[in-house]
Amino acid sequence: MSEPIAESNFTNLQQVLSNPYLLMNIARKGLDFDLFNLVIAQSPFTLKEWSAFVQLNERTLQRYRQEKTPLDPIYSERVLGIAQVLKQGESVFGNLENFKVWLDAENIALGDVKPKSLLDSTFGIEIIKDELTRIEHGILA
């Protein structure tokens with residue numbers, strides 16, 4: 001197994017999220033749990049919510065944390081995709097709190113579902129990114 005990319009290699013999570021090649025490499029090698037903790041700390045979600053998003057139970061996530069094991073590529077990719085959504089949402093809504101309100105509200109444009117409910121799939125993540133882009137450009141509905 002390849003060695004994970006450690007948090008200490010990064011000075012700014014935002015720079016990491018802006019570099020698709022770096023994201024791809026991190027996802028392929030496995031997201032270092034310290035970097036995942038950094039993403040969690042900068043997000044409005046609980047560990048329980050993250051557990052649902054990546055489709056791992058909380059106990060398994062806690063084991064990853066205790067053993068300092070990198071997340072498997074499939075989970076790494078989902079975490080990084082959600083981190084990108086958070087970055088974009090913060091930009092569009094001005095701050096994470098306003099974005100969280102939007103994530104928790106039923107959305108007509110998304111079929112009357114709460115956007116947060118889509119974060120458990122890569123397709124859902126892309127749908128949210130597309131909707132954020134439309135909002136950013138003033139295309140509502």
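The values are calculated or read from the model by the stated rules, or taken from the named source; none is laboratory data. Predicted, not measured: the structure shown is a model, and the values here were computed from it. Counting neighbours? That spans all protein chains shown, and the Cβs are built from the backbone with ideal geometry, glycine included.
Which of (1) within 24 Å of residue 37 (Cβ to Cβ); (2) without any contact (Cβ under 8 Å) to a residue 24 or more places away in the chain; (3) surrounded by 14 or more Cβ atoms within 10 Å (Cβ to Cβ); (4) of a type outside the set (A, V, I, L, M) is the odd one out, the single condition residue 102 does not satisfy? Every condition holds for residue 102 apart from (1).
Matching residues to (1) at negative phi; (2) out of contact with any Pro (no Cβ under 7 Å at 6 or more places or on another chain); (3) free of Cβ contacts under 8 Å to residues at least 12 places away in the same chain:
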| residue | (1), (2), (3) |
| --- | --- |
| 54 | yes, yes, no |
| 73 | yes, yes, no |
| 80 | yes, yes, no |
| 93 | yes, yes, yes |
| 130 | yes, yes, yes |
| 138 | no, yes, yes |
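Among the residues that make up segment 84-93, is at least one of them touching a Ser or Thr at 6+ places or on another chain (Cβ under 7 Å) and not in a loop (DSSP other than H, G, I, E, B)? Before you say what the answer is, go through the steps one by one.
Here is the first cut: in segment 84-93, the residues touching a Ser or Thr at 6+ places or on another chain (Cβ under 7 Å) are 86.
Narrowing the set further to residues that are not in a loop (DSSP other than H, G, I, E, B) leaves 86.
Scanning segment 84-93 turns up at least one residue that is touching a Ser or Thr at 6+ places or on another chain (Cβ under 7 Å) and not in a loop (DSSP other than H, G, I, E, B).
All of 39, 85 fail the test of being of a type outside the set (Phe, Trp, Tyr), within 18 Å of residue 15 (Cα to Cα), at pLDDT below 95 and out of contact with any strand residue (DSSP E or B) (no Cβ under 6 Å at 6 or more places or on another chain), apart from 39.
Go through 54, 79 for me and flag whichever is in contact with a strand residue (DSSP E or B) (Cβ under 9 Å, 6 or more places away or on another chain) and closer than 20 Å to residue 17 by Cα. Talk me through it step by step, then tell me what you get.
On the way: 54 fails: in contact with a strand residue (DSSP E or B) (Cβ under 9 Å, 6 or more places away or on another chain).
After applying the criteria, what remains is 79.
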